[in-house]
Amino acid sequence: MNNKGITRIQTIIIIVVLVIAAIGGGLYYFLVVRAPVTIKVVAIAHAAAGIQELANKFMNEHPEIKIECILLDWETGRDRQLHDMATGAGEFDVYMWDCIYTGAFGPHCYTLDELKSKYPDSETFKDYGDFIQSIDSRYAFWNGKRIGYIVCANVMAMFYRKDLFESATVKAQYATWIRNNLDLVRTRVVDSGLDPAKIPMELKVPTVLEELLATAMFFTKTFNPDSPTEIGNCIMAMKTHTIHWEYCWLFAQWRRSSQGLATLGPVTPPYGDLLARARALR
């Protein structure tokens, strides 16, 4: 074989090698370098639509990252996430929880300071002024460090006893109680990040959190032994609504017991039977 033939063969081999290298490099680039990193994000119940919208916007700006939103209901999501944290399984990358569970989730989470120290450009959100300061500081921080953001807020409904709020006797009791306990109420209001200037000096249906806190303390025997009600804000349990549907299940059995009847008297519809039905439906 002459030199010219060898040169042709070498040229062909070199071209093939270059093509293979180019294809291989391209495949490596698209399959390895450019393959989106998948982040599994928990999206719970009514917040799922908003989380997905945020994910879509983020992925448009960062195509190298794929966000997989995993839809769960509150109870399943809570338990699966806590199990994931306890076992270190790594099923999820970004967690979502109801504000009452910050104490359970907080110790397991990275703080934003930790993440930013490793990835300086990791925080793209800067609009802290959009948050309600009292809610943000209480539930998005752990040990003074930010661990997340409040991404969803519920509209809560409040039911109240009209006869109590319109009773002249109860109104007079509240006026006396608030004067004698103003310092205690003010301390609780300030500790909650609220405005002490909004503490109501007369009994009325609450429209702001300061009024709700003061009124709840008045109707709770822990703070007011002369409260006209047996139960004030203790039904709220873990600072939110979660215990409401569970409360009936727990209370109904005691309410129909001999001790419950002796303490609260005969069951009177509709309130007494409401609790009894909750027991039957359980």
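The values are calculated or read from the model by the stated rules, or taken from the named source; none is laboratory data. Worth saying up front: this structure is predicted, and the values here are computed from it rather than measured. Here the Cβ is made from the backbone with ideal geometry for all residues, glycine too, and neighbour counts use every protein chain on show.
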Looking at the structure I just gave you, is residue 171 at pLDDT 90 or above and either of a type in the set (Phe, Trp, Tyr) or in contact with a Leu (Cβ under 7 Å, 6 or more places away or on another chain) (or both)? yes
Look at residue 37 and say whether it is over 24 Å from residue 137 (Cα atoms), out of contact with any Phe, Trp or Tyr (no Cβ under 7 Å at 6 or more places or on another chain) and β-branched (Val, Ile, Thr). yes
Exclusive hit being farther than 28 Å from residue 209 by Cβ, assigned to a loop (DSSP other than H, G, I, E, B), in contact with a His (Cβ under 8 Å, 6 or more places away or on another chain) and outside the structural domain of residue 191 (by TED's automatic domain parsing), set 89, 35: 89
Within segment 113-127, can one find any residue that is part of a loop (DSSP other than H, G, I, E, B) and either under 15 Å from the mean Cα position of the chain (by Cα) or not assigned by TED's automatic domain parsing to the domain that holds residue 77 (or both)? no
